[in-house]
1. Could you tell me whether the range A:58-76 includes any residue that is of a type in the set (A, V, I, L, M) and either more than 13 Å from the chain's Cα centre (by Cα) or under 23 Å from residue B:55 (Cα atoms) (or both)?
2. Suppose the filter is closer than 20 Å to residue A:103 by Cα and within 14 Å of chain A (Cβ to nearest Cβ); does residue B:43 pass it?
3. Can you name the residue in the range A:22-43 that is within 13 Å of chain B (Cβ to nearest Cβ) and surrounded by fewer than 16 Cβ atoms within 10 Å (Cβ to Cβ) and, of all such residues, is farthest from residue B:38 (Cα to Cα)?
4. Just one of the numbered conditions (1) surrounded by fewer than 16 Cβ atoms within 10 Å (Cβ to Cβ); (2) modelled with pLDDT of 95 or more; (3) over 10 Å from the mean Cα position of the chain (by Cα) is not true of residue A:19; which one?
5. Among the candidates B:56, B:100, single out the residue that is in a strand (DSSP E or B), at the interface with chain A (Cβ under 10 Å from one of its Cβ atoms) and at pLDDT below 95.
6. Could you tell me which numbered condition residue A:103 fails, if it satisfies all but one of (1) more than 13 Å from residue B:43 (Cα to Cα); (2) surrounded by fewer than 21 Cβ atoms within 10 Å (Cβ to Cβ); (3) within 11 Å of chain B (Cβ to nearest Cβ)?
7. Step by step: first the residues of the range B:80-97, then only those that are of a type in the set (Ser, Thr, Tyr) and modelled with pLDDT of 95 or more, then the one that is nearest to residue B:18 (Cα to Cα). Which residue is that?
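The values are calculated or read from the model by the stated rules, or taken from the named source; none is laboratory data. The model shown is predicted, which means the values in this text are computed figures rather than measured ones. In this analysis, Cβ positions are derived from the backbone assuming ideal geometry, glycine residues included, and neighbour counts consider all displayed protein chains.
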Amino acid sequence: QQPVQSPQAVILREGEDAVINCSSSKALYSVHWYRQKHGEAPVFLMILLKGGEQKGHEKISASFNEKKQQSSLYLTASQLSYSGTYFCGTEEKGGAQKLVFGQGTRLTINP
Amino acid sequence: KAGVTQTPRYLIKTRGQQVTLSCSPISGHRSVSWYQQTPGQGLQFLFEYFSETQRNKGNFPGRFSGRQFSNSRSEMNVSTLELGDSALYLCASSLSGPYNEQFFGPGTRLTVL
């Protein structure tokens, strides 16, 4: 079951904050976040394994609410380099060990 | 450490033909996953191989197949190509499975005419 990401697209000015949400109808074991810049391959950002876990990567952090089967990615004081499409990938509890990716959120940072 | 490589980078085929794509994972990585990326569908999981065995398969027709060799290199084959198969095909390698950090290759852009 493909997770649902929201919003589908967001445009920010440099320095503003953004939140990208990922929601699944299935119980999740883990949530993964990747960023893909235009014309490039997706690049790993982080994995969240436990309910409530929060991880950080520079000014990019994420949380995982296991009860709600949701994860949120937080981009603080966004930089031009943060532009790209963000994908969440979910691994379902009791399911096959594979990732199902959401459709992506396109983030555009303007100067 | 060399990254994931995919060949060829671009392919143009006609309907009904078949195609083989190749992926060389990062040295030491035993898991290779394949994804189809299209503007409308995002990243769709095709299958995953580990130590020459297919462990998982996505919801794609049997025209899509793959294999992995003893050196962990993987190939993906699509037979009887359809227009809808036009996409970017990405492979990703990881140490033990897609639930670990995956490293993606640059992809093969397949166009079916």
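1. The answer is no; no qualifying residue exists.
2. yes
3. Result: A:43.
4. (3)
5. None of the others qualify; the one that does is B:56.
6. (1)
7. By that ranking, first place goes to B:80.
Residue-wise test of (1) assigned to a loop (DSSP other than H, G, I, E, B); (2) among the hydrophobic types (A, V, I, L, M, F, W, C); (3) buried (at least 19 other Cβ atoms within 10 Å of the Cβ).
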position: B:26; (1), (2), (3): yes, yes, no
position: B:35; (1), (2), (3): no, no, yes
position: B:49; (1), (2), (3): no, no, yes
position: B:65; (1), (2), (3): no, no, no
position: B:76; (1), (2), (3): no, yes, yes
position: B:80; (1), (2), (3): yes, no, no
position: B:84; (1), (2), (3): no, no, no
position: B:89; (1), (2), (3): no, no, yes
